[in-house]
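Step one of this worksheet: look at the structure below.
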Amino acid sequence: MKEVIVDTLIIEEDRPAHIAKHNIIIDEVLEVLTGDYVYIAGRENRWLIIGKTAKKVFLTIVLGERTEENTYGLITARPASRKERSFYIAYTTQGGGEENEDKAS
């Protein structure tokens, strides 16, 4: 399975207003993407990124793949569903899965 590492996030002009409808701001999206997260393949070359903000709010961020390596476009962000939160907790507490871990030693 592909590893989802977001080095570059493209945020189109209308995205901050779009995610604001879900009471989410760009800073919260960035908190999740720079922390520990898990991911699930979505439809149409999209990825669902599930993680927590500094205030322990679970978010699901939908990203679209771009042609450049490790580059994704922000599609939307919303509060994570109960199932998505459970998935995150299961993967991060059992130490398995494909979460984004800092491999620096």
Being hydroxyl-bearing (Ser, Thr, Tyr) and in contact with a Lys or Arg (Cβ under 9 Å, 6 or more places away or on another chain) is the filter here; which residues of region 13-38 pass it? Tyr37
Pick out the one residue from Ile49, Ile61 that is modelled with pLDDT of 95 or more, among the aliphatic types (A, V, I, L, M) and out of contact with any Phe, Trp or Tyr (no Cβ under 7 Å at 6 or more places or on another chain). Ile61
Select from region 1-24 the residues that are of a type in the set (Val, Ile, Thr), closer than 13 Å to Thr76 by Cβ and in contact with a helix residue (DSSP H, G or I) (Cβ under 8 Å, 6 or more places away or on another chain) and list them in ascending order. Ile11, Ile19
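Table: residues versus (1) at pLDDT below 95; (2) farther than 15 Å from Glu3 by Cα.
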| position | (1), (2) |
| --- | --- |
| Asn45 | yes, no |
| Tyr72 | no, no |
| Ile75 | no, yes |
| Thr92 | yes, yes |
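For every residue, the table says whether it meets (1) under 23 Å from Thr93 (Cβ atoms); (2) touching a residue at least 60 places away in the same chain (Cβ under 8 Å); (3) out of contact with any Gly (no Cβ under 7 Å at 6 or more places or on another chain).
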| site | (1), (2), (3) |
| --- | --- |
| Val4 | yes, yes, yes |
| Ile11 | no, yes, yes |
| Ala20 | no, no, yes |
| Tyr37 | yes, yes, no |
| Arg43 | no, no, yes |
| Lys56 | yes, no, yes |
| Arg66 | no, no, no |
In this structure, does Ile25 turn out to be among the hydrophobic types (A, V, I, L, M, F, W, C) and within 16 Å of Glu12 (Cβ to Cβ)? yes
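The values are calculated or read from the model by the stated rules, or taken from the named source; none is laboratory data. What you are looking at is a predicted structure, and each value in this text was computed from that prediction instead of being measured. Virtual Cβ from ideal backbone geometry, glycine too; neighbours counted across all protein chains shown.
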